[in-house]
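Presented below is the structure to which this report refers.
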Amino acid sequence: MKMDIISIGNITIHGYGLMIAVGILLCVMMAAYRAKKYSLDPEAMVDIALWGVASGFVGAKLLYVIVEWKEFIKHPGNVLGSEGFVVYGGIIAGVLAAILYCRIKHLIFLEYFDLAAPSIALAQGVGRIGCFLAGCCYGRETDSFLGVVFPEGCMAPTGVKLLPTQLFSSAGDLLIMGILLWFHRKNTCTGNVGALYMALYGVGRFLIEFLRADDRGGLMGLSTSQLISILIVAGAVVLFWRNRRAQAKGRETGNEI
């Protein structure tokens, strides 16, 4: 029996989809609650989340197709119909959708990005448990006591102990959520919470990739996700710099952000 299938009578629930749905629900609820707490529009926060989720699914699948383009050319139906997604595609598409929404509604994107960042990390942490149940995003073979043997029918190789990189990622994402919640209470510069999320997630994803064993393409010995991680961390550095300059300019003009 596959780990990610739950049968209740005639109803079959896939753990992968269930955990993603739970993660999204918790993300939206947390973001809406905190929006009211920080005097932002909770309805706009929910709209941004829904735009981000819808666009994120498309972006995550699109990047998966790009990464698995050889398999897609041979068997397009298998790639499109599989549980395969690339998280970075979802993040990038979701952020672009949120920026577009804020432009249309004349909202300050960075304020909502700061607020949403911990919720995004929460959704990722819960969603990675779904990856574990499905057996995707698996780690290298190991003799360590941390190793997990996946059952038949999973996406991971069976009969060997593998590092549960999905659970490592989940724990890391939840840790990032905690750090961002703490930092948001102390931060005085708009955009820095979002920038910190980008930096922490980028570094964490770059490191976890060394433990992964599922080949998804790459360049110069680095996986596709590691190359994107480098760009994400660089973007975080630029955003920190931009935020600092904007704050300094605000102090000079008496309109501190």
Derived scalar couplings ³J(HN,Hα) [the range 225-231; Karplus, 6.51 cos²θ - 1.76 cosθ + 1.60; whole Hz; x for Gly, Pro]: 5, 5, 5, 5, 4, 4, 5
In whole angstrom, and with the biggest value first, how far do the Cα coordinates of the range 171-239 range along each principal axis? 41, 27, 11
Listed residues THR224, THR165, THR188 arranged by accessible area, highest first, probe 1.4 Å: THR188, THR224, THR165
Spin-label model distance (nm) - ARG103 vs LEU174, 7 Å beyond Cα toward Cβ: 3.8
Any residue on another chain or 5+ positions along whose placed amide H is under 5 Å from the amide H of LYS161 is listed here as THR142
Keeping every protein chain in place, order HIS184, HIS106 by accessible area at 1.4 Å, biggest value first, i.e. largest first. HIS106, HIS184
Between GLU43 and LEU26, what is the label-point separation in nm under the 7 Å Cα-to-beta-carbon projection? 2.9
Only Lys, Arg, Asp and Glu count, each charged at its Cβ (+1, +1, -1, -1), so figure out the dipole size of the range 108-257 about its Cα centre, rounded to 20 debye. 520
Among ALA171, GLY127, CYS189, whose Cα sits farthest toward the positive end of the charge dipole of the range 116-215 (+1 at Cβ of Lys/Arg, -1 at Cβ of Asp/Glu, about the Cα centre)? CYS189
Could you calculate the FRET efficiency of VAL160 with VAL238 from 1/(1 + (r/R0)^6), where r is the beta carbon distance between them and R0 is 35 Å, rounded to 0.05? 0.25
Taking the solvent-accessible surface of protein heavy atoms with a 1.4 Å probe, what is the per residue accessible area of the range 96-235 in Å²? 45
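Could you order GLU68, GLU43 so the one with the most accessible surface comes first? Probe is 1.4 Å.
Result of the area sort, largest leading: GLU43, GLU68.
The values are calculated or read from the model by the stated rules, or taken from the named source; none is laboratory data. Everything numeric here is computed off the predicted structure, so don't read it as measured data. For neighbour counting, all protein chains shown are included, and Cβ atoms are generated from backbone atoms with ideal geometry for every residue, glycine included. We work out accessible area using only protein heavy atoms, side chains counted, and drop any ligands, DNA or RNA first. Shrake-Rupley method; radii C 1.70, N 1.55, O 1.52, S 1.80 Å.
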